[in-house]
Each structure stands twice: as structure tokens, then as C-alpha cells.
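Written out below as C-alpha cells is the structure these notes cover.
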Amino acid sequence: MLLASFQPTKALESVRELTAKRITAFSTDCIPRITRAQSMDTLSAMSNIAGYKAVLLAANELAKYFPMLMTAAGTIFAAKVFVIGAGVAGLQAMATAKRLGATVTATDTRKTVGEQVQSLGGRFVAVESAEDAQTASGYAKELSQDFYRKQGELIAQQCAANDVVITTALIGGVKAPKLITAEMVGAMQPGSVIVDLAAEAGGNCELTRPGETVVENGVKIIGPLNLPSTCLRMAASCSPATWPRFILAFWKENAFNLDLGDEIIKGALITHAGEVVHAATKQRWKATGA
Ligand code: NAI
């Protein structure tokens, strides 16, 4: 049996070996985002770091202050930051940008997060629609083409009006929808910065190159990979806190119990009895013909 954190949807070669060796493998980044599992949520701990660091990267690249300042040259207005996706990384990005004094606007396809954005002092903007991407697992589901067309208009307006855009959008915790087109980048102010946190999944911006910074129309598009490794002490401090709690999820009736009916154990289970059992991994596995 293997208990690890190995992002199975991306590590298909490891998944192949695990099935071949009939290893029962769990990945903590697949633990469902339910209340009972909050204290063992390693994925959120890493996303928190990513959201925080994304703002620092943007502030470093933006050729203006984040806060409003009175200077000898007159009043400098606060930088404007637009966040796409108000999940864990997005909310931390907003909080960090607010702490630096920026004006923050955010959008999401889950209506329920509007209140969370406002509680951080941000402005929530969203497509007026009966559709809502919220699912029981806490992740967003895919919406209609009509919704994405309307959202494209909203995102184009916001990109043109803001100095910094931070994108974190994921569907089902795996797929990165393409939300910022080359045309939208072309309409942004030169000197603006996009930090695409979904770069690892291919990116939310059409022009993102994972692991690189590209400049298009004077706009810097940063596609960072593995940001938690740039805040290593924080990333490492997560394991001693969360791992014992995950192991305790197996402890039932005074014994180590592989209860495949348990929501946490079932959600984190990737391979078992020579088969891939985790739905998103299975889907990637089939799609790539692995
Ligand atoms: P999450 O699943 O909590 O948040 C994603 C959010 O995007 C959700 O709130 C979802 O409703 C929203 N969303 C989905 N489709 C959307 C759309 N069309 N428009 C607006 N919002 C939409 O994910 P989490 O944990 O916050 O991670 C966010 C991103 O950060 C992910 O892409 C993740 O891979 C990335 N990440 C990047 C790291 C790095 O080093 N680059 C490290 C850790 C996380």
C-alpha cells in the first residue's frame, strides 16, 4: 500500500507502474474537499501558497505601486487586480493583493463564492445566468457554451480595465478552461501583468507557456510551475500536520481498516487490485491512451 501526494492525473507513468504491481495507492491531493477532511487537505495548503506567491510575482513585475500613495508627483492610484477563480488560490491572491493596498475584483462560475470575495473586501462580478457550476464535491463543473460566450465578454472588459490579472480557474479540480484569448491580451494596457496559476494544467490564457514568462503587446504573461517549492518552509510544515490526520482516517474499531465505503478513503484511492479506480485519473488515462 502506498500513501503519497503524487498528482495522479499528471503522473500517469507512475499510475501505470502502480497498477502493474497491484499496489493500493492513495494520493492526498485527491482527498475530497468536505468538512471532515479539511484538516488533512494538502492541496489547499499548496494552493494557498500559490495564491500568495502569484501576487508577489505580479507586484515584482508591475511597474507601479500596489497601494494608493501620495507622492511629490501627485496621487498614485492603487493598482487594480482582477482574479479569475475564487477557489483556495484565488481567495488567497485576493487577500494578499488587498493587504498590499490594491483594488480587487473577482469572478467565478460558482455563485456561492460571491460572499467570500466580498468578505475579503473585493468586488464580485459574474455572468447573469441561471447556471451555477457548484457541485457537492466543492469543485466546479463545466457549463454551457452560451455561458462561456457571455463570460468571455465580461473577462475581456475586466482584463482591459485592470493592471494585474491572476487566473486560477479549474474545472473538476483538473481541467484548465481557456478564458483569456490572444485578442483580450491585445486589448490590455502595455505594462499589465497576467499570472496564470493554471499553467500546470495548460493555462487559462491562450498565450501562457508553462514555466515561462512571455511578453505580448507589452503584457507580461507568467506561467509559474510548482510555486509551493518557492515557499518551502510553509509547504514542508503542512506534511507533519496533515499526514497523521489522513492516516487516522483508516483507524476504525481499534484497527487499521481499509474501508472503501469511507468518503475520504474512497476519494483519495487511485489504484486498487491492478485497476485505476480514481475517476479523473481514469479519464486522463483513457484520453491519453495510456
Ligand atoms: P479550486 O478548485 O479551489 O479553484 C478553482 C476555481 O476556479 C473554483 O473556484 C472554480 O469554481 C473556478 N472556476 C472554474 N471555471 C471557472 C471559470 N470559467 N471562470 C471563473 N472561475 C472558474 O483550485 P485551487 O486549489 O484554488 O487551485 C487554483 C489553481 O492554482 C489551480 O489551477 C491549481 O492547479 C493552481 N495551483 C498552482 C500551483 C503552481 O505552482 N502554479 C500550485 C498550487 C495550485
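No lab work stands behind these numbers, since they all come straight from the coordinates. Source: prediction; values computed, not measured. Neighbour counts run over all protein chains shown; Cβ positions are idealised from the backbone, glycine included.
List of remarks:
- Residues 26, 147, 77, 256, sorted so that the one with the fewest Cβ neighbours within 10 Å comes first: 256, 77, 147, 26
- Listed residues 93, 14, 239: farthest to the positive end of the dipole of the chain (Cβ charges): 239
- This ranking places 272, 278 by how few other beta-carbon atoms lie within 10 Å of each, fewest first, which gives 272, 278.
- Cα-based convex hull, region 124-274, per residue volume (Å³, whole number): 175
- Inter-label distance for residue 149 and residue 77, nm, one decimal - labels placed 7 Å from Cα along Cα-to-Cβ: 3.3
- Put in line by how crowded their Cβ is, counting other Cβ atoms within 10 Å and starting with the fewest, 263, 212 read 212, 263.
- Per-residue extension of 0.36 nm, minus the Cα-Cα distance of residue 287 and residue 254, leaves a gain of 7.7 nm for this segment.
- If you wrap the tightest convex hull around every Cα atom of the chain and split its volume per residue, you get 143 Å³.
- Alpha carbon convex hull of region 240-290, volume per residue in cubic angstrom: 104
- Mean ellipticity per residue at 222 nm, deg cm²/dmol - from DSSP H runs of n ≥ 4 across the chain, formula -39500 (n - 2.57): -10500 deg cm²/dmol
- Lys pairs, region 175-290 - Cα-Cα below 24 angstrom, 8 or more residues apart or on other chains: 10
- Spatial offset of region 1-75 relative to region 212-248 amounts to 5 Å, using the alpha carbon center of each.
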